[in-house]
Structure formats: C-alpha cells, structure tokens
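Peer 1: Below you'll find the structure I mean.
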Amino acid sequence: MTAKIIIESLIKIYGKKHSAALKLFREGKTRDDILKSTGNVLGLADVSLEIGKGELFVVMGLSGSGKSTLVRCINRLVSPTSGHIYIDGEDVAHVDEKRMREIRLNKISMVFQRFGLFPHKTVRENVEYGLKVRGAETIYRRNKALETLEVVGLEKWANYKPTSLSGGMQQRVGLARALATDADILLMDEAFSALDPLTRGEMQDELLRLQKELHKTIVFISHDMQEGLKLGDRIAVMKDGAIVQLGSPEELVTNPKNDYIKAFTEEVNSAQVIRVGSVISKTASLIIGQDSVSSGLKQMLSHNLQLMYVVDDDNRPVGLVKRQYLEESIKKGEEDIMTIMETDFPVVDSSTTLEGIFYHYKRGFPLAVVNEKKEFQGMVEAVDVLTTLGQANKNFDETNS
Ligand SMILES: Nc1ncnc2c1ncn2[C@@H]1O[C@H](COP(=O)(O)OP(=O)(O)OP(=O)(O)O)[C@@H](O)[C@H]1O
Ligand SMILES: [Mg+2]
C-alpha cells in the first residue's frame, strides 16, 4: 500500500483552554475529566492511521465520536491542536493558509450530506462551480461538467434545476461536482445518509462502480455498519475521539475487538460481508501435464484430501479429480489425469460474498476460487463456509447473552 494520507498523533481540542486541556490529556485524563475541568471538548484523542492511495477508507462511530472532526482536519476546515497530517508527504497541519488553499483546490474535494447544491443554478452550472472557483476557463469547465455528468448518468439533466431531480439524482450531482475537479482525494461526510434506503443502496453501488475506474483516495464517513462494510476496503471505528478498531470488513465482523464494535456488527448479516477469498483453507492443486495419477494420489494423501483441483500452466483451474478415481486408475495402470478429470466444476471469484456462493454447491463439489486474472487461489468446501459463519454468529451471541 502506498500511503496517500498519513495521520500521526492527531489531537483536536475544541475550546479556549487548549494548553490546559492538552496537559490534562497527556496526563491521562479522560474526555469527561477534561470537559469538567476546562470546559474543552476533546475531539480527537491521539489518532494515527495511514490511508492508501486509491483506498476507500471508511470512518464509523456513534454521534460525537469525532468522525467529522477527523475528516475536517484533513482539509483543515478544523485546525488540529497537535500532530501531523501528511498528504503526498506534505504536512498540511503545518502549512500556511495560502498553501492550504492551493491544496484544497487541487487535491481535495468534499461531498456533503445535504448535497449543497445551488437551487437557482442548473445542474451543469452546479457541477461547473468547483472548477469555476479553481479559475478554469469557461469552455473547459463546460465540457468537463458535461463529461462528468455523463459519468454519473445525468447528462440529460444538465439544463434542469436541481429541484426537479430526486434526492438520489441530486446526490449524484454533488458527486459529479466533486469528481469534476480531478482532485485525487474525496472526503464524503455522511454523503448518503439523507437518502431513502433504496436510493442509498443504488448510490453505494454507483460509488463502487466509479471507484473501480477512478481509483480516488476516498474517506467516507458513515453511521451505518452495513454501508461501511459494503464500501470500505478498510474501516476505522471511532469512540470518544479515538480509533477503537481498524481493519477490513471481514476482520471487524469475524473478530470484533470489544463490545462497542460487536454492537455495530451485530445487525449485519455476515454472509453479506465475508468474502469467499478469506475462507480458503486448501490451496494445493495438481498441474496438468506435470502431475500423473500416481503423483496426484500422493499429494492428495499428503494433504489429506478426497478431491483436488487441476490447473493449467497459467494456474487456471481446468478440472478436478477425486481420490477414488485416482485409486481405481492406478489399479488399471492408467496414468493420465486428463481421462478421469471432471471438467464441469463450480468457479467463483474471490471477492464474492458467502451469500452469493451457496447455490454453487448444488453438485456437492468444493468451489474453485479464482482471482481477477482467473488464477486458482484455492478451494472452499461448504463446511468451511458454515464454520466461518457459525464463528461469526457465535461472536454475536456472546454479546447478547
Ligand atoms: N466547533 C465545535 N466546537 C466545540 N465542540 C465541537 C465542535 N465541533 C465538534 N465538537 C465536539 O467534538 C466532538 C466530536 O464531534 P464530531 O462532529 O467530530 O462527531 P461525529 O462523529 O462527526 O458526530 P456525528 O455522527 O453526530 O456527525 C463532539 O463531542 C462535538 O460536540
Ligand atoms: Mg459528523
């Protein structure tokens, strides 16, 4: 992972008695203590994290946990009290206002919850706005706005006022306005929270689709675990200004660090979150043209398997063989794997969620899991899936009992 944003020991104290509050914090006093003695709010309590280039990084947590403060420190709408925020290696916590304005203009775009559109301007003018404040030429701006509206599927609405559009469409305009600037960093603070559930789901899909093409570095704040798990490459869960747990969606669901995280993940259906790639336990395979029936059987015995996948020279699965058939072939003196290979087998991409794979088990074969290049990653048996889900559910039950 190449880091795009590095946050180091970030502290934010809201209020006038900074140094007194900071001193108390360093002495180990809690947020409540600090509030009581100084009247100052500890917004961020020593946060350190790295966000990768092209990563969709989600920040979650209850109201008041410091999510917005964290994101606003990145574009310095909020000034940090202490610590560092490196963007492409430059510490934006310590650059002057003039440089900060340039960074905001060139590198960072923000998408707001309530769209923040101008009602009296057309959709196109709204999208142009971000470019206008950046001093772009009229023609360039116009073309770029239309181009970006096409990306979000709203080109036909360019000359309408935002008020004639649905909530979801308005949020698309907000997204287009942020994308039109070509900034590599997108900050999205509860960007989809005002949308109805159906539209919200569509916008999430849209964002994932766009991100596949655009590879922006996105910091996405959400209250909603289901949303966070669906969107996030990684998720940071915050409480009282600090990060409680940072990990992949699977890690949070299968291995919640404490009750606070469990409470978040409880409502989530693990089958919709855990990806089959993370369930693989058996990675061995036979290679066509290299392995014979007897070498195949040897490997199967050493791995204690009843069945193995066979791959070609490019490591793509081409079939599977059962131990029973290998044993029978050996008795007959037959050495060619090809003749006994089953070629109708289930293949799934490693990013498929467990919910999406069950129906592939119809024929009773374990699934061959492949990566984006269709290369064999390993096989997954139904029992592996059920064990994983059982474990995830057990974590939930322990919280409830
Ligand atoms: N301008 C401010 N002045 C004083 N305190 C503030 C200010 N902005 C935020 N706070 C306090 O800092 C803490 C963190 O607020 P923040 O807005 O970052 O939380 P949040 O996680 O974004 O919450 P929400 O989910 O409600 O948006 C809260 O206790 C809040 O009251
Ligand atoms: Mg907030």
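The values are calculated or read from the model by the stated rules, or taken from the named source; none is laboratory data. Computed from a predicted structure; not experimentally measured. All Cβ positions, even for glycine, are placed from backbone atoms using ideal geometry, and neighbour counts span all protein chains on display.
Every residue, every condition in (1) modelled with pLDDT under 95; (2) away from ligand 2 (no atom under 16 Å from the Cβ); (3) in contact with a Gly (Cβ under 8 Å, 6 or more places away or on another chain), yes or no:
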residue	(1), (2), (3)
212	yes, yes, no
215	yes, yes, yes
219	no, no, no
227	yes, no, no
230	yes, yes, no
245	no, yes, no
253	yes, yes, no
258	yes, yes, no
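Peer 1: Which residue pairs have Cβ atoms under 7 Å apart, sit 6 or more places apart or on different chains, and have a first residue in the stretch 224-236 that is touching a residue at least 12 places away in the same chain (Cβ under 8 Å) and closer than 20 Å to residue 66 by Cβ and a second that is in a loop (DSSP other than H, G, I, E, B) and among the small types (Gly, Ala, Ser)?
Peer 2: Matching pairs, first to second residue: 234/248.
Peer 1: Being among the β-branched types (Val, Ile, Thr), part of a helix (DSSP H, G or I) and exposed (fewer than 15 other Cβ atoms within 10 Å of the Cβ): is that true of residue 148 here?
Peer 2: Taking the combined requirement at face value, the residue does not satisfy it.
Peer 1: Can you name every residue in the stretch 101-110 that is surrounded by fewer than 19 Cβ atoms within 10 Å (Cβ to Cβ) and either of a type in the set (S, T, N, Q) or at pLDDT 95 or above (or both)?
Peer 2: Hit for the stretch 101-110 is 106, nothing else.
Peer 1: Anything in the stretch 190-199 that is more than 16 Å from ligand 1 (Cβ to nearest atom) and of a type outside the set (A, V, I, L, M)? List them, or say none.
Peer 2: 196, 197, 199
Peer 1: So residue 102 clears everything in (1) without any contact (Cβ under 8 Å) to a residue 60 or more places away in the chain; (2) at negative phi; (3) within 16 Å of ligand 2 (Cβ to nearest atom); (4) not hydroxyl-bearing (Ser, Thr, Tyr) except one condition, right? Which one?
Peer 2: (3)
Peer 1: Pairs under 9 Å by beta carbon, first residue farther than 23 Å from residue 156 by Cβ in the stretch 124-140, partner surrounded by fewer than 19 Cβ atoms within 10 Å (Cβ to Cβ) and modelled with pLDDT under 90, six or more apart or different chains?
Peer 2: Pairs that qualify, where the first residue is farther than 23 Å from residue 156 by Cβ and the partner is surrounded by fewer than 19 Cβ atoms within 10 Å (Cβ to Cβ) and modelled with pLDDT under 90, are 133/105; 134/105; 134/106; 135/105.
Peer 1: Still on this structure: When you check residue 35 against the structure, is it part of a helix (DSSP H, G or I), within 14 Å of ligand 1 (Cβ to nearest atom) and more than 14 Å from residue 220 (Cβ to Cβ), yes or no?
Peer 2: Taking the combined requirement at face value, the residue satisfies it.
Peer 1: Hey, among 79, 63, 9, 48, which residue is surrounded by fewer than 22 Cβ atoms within 10 Å (Cβ to Cβ), touching a helix residue (DSSP H, G or I) at 6+ places or on another chain (Cβ under 9 Å) and of a type in the set (S, T, N, Q)?
Peer 2: Answer to the selection: 79.
Peer 1: Can you name every residue in the stretch 49-78 that is more than 11 Å from ligand 1 (Cβ to nearest atom), touching a residue at least 60 places away in the same chain (Cβ under 8 Å) and either assigned to a strand (DSSP E or B) or closer than 18 Å to residue 91 by Cα (or both)?
Peer 2: 49, 51, 52, 53, 56, 57, 58, 74, 75
Peer 1: Still on this structure, I have one more. Got a sec? Which of 299, 245 is free of Cβ contacts under 8 Å to residues at least 24 places away in the same chain, under 30 Å from residue 62 (Cβ atoms) and not in a loop (DSSP other than H, G, I, E, B)?
Peer 2: After applying the criteria, what remains is 245.
Peer 1: Same structure, new question: Step by step: first the residues of the stretch 178-189, then only those that are within 21 Å of residue 222 (Cβ to Cβ) and modelled with pLDDT under 90, then the one that is farthest from ligand 1 (Cβ to nearest atom). Which residue is that?
Peer 2: Checked the stretch 178-189; the qualifying residue farthest from ligand 1 (Cβ to nearest atom) is 179.
Peer 1: Go through 9, 79, 63, 19 for me and flag whichever is within 23 Å of the chain's Cα centre (by Cα) and among the hydroxyl-bearing types (Ser, Thr, Tyr).
Peer 2: 63
Peer 1: Of the residues 369, 279, 293, which single one is crowded, with 20+ Cβ neighbours inside 10 Å, under 28 Å from residue 387 (Cβ atoms) and either of a type in the set (Gly, Ala, Ser) or modelled with pLDDT of 90 or more (or both)?
Peer 2: 369
Peer 1: Taking the stated definitions as given, is residue 189 away from ligand 2 (no atom under 16 Å from the Cβ) and surrounded by fewer than 21 Cβ atoms within 10 Å (Cβ to Cβ)?
Peer 2: For residue 189, the condition - away from ligand 2 (no atom under 16 Å from the Cβ) and surrounded by fewer than 21 Cβ atoms within 10 Å (Cβ to Cβ) - is not met.
Peer 1: Quick one: would you say residue 24 is assigned to a helix (DSSP H, G or I) and away from ligand 2 (no atom under 16 Å from the Cβ)?
Peer 2: Against the criterion (assigned to a helix (DSSP H, G or I) and away from ligand 2 (no atom under 16 Å from the Cβ)), residue 24 qualifies.
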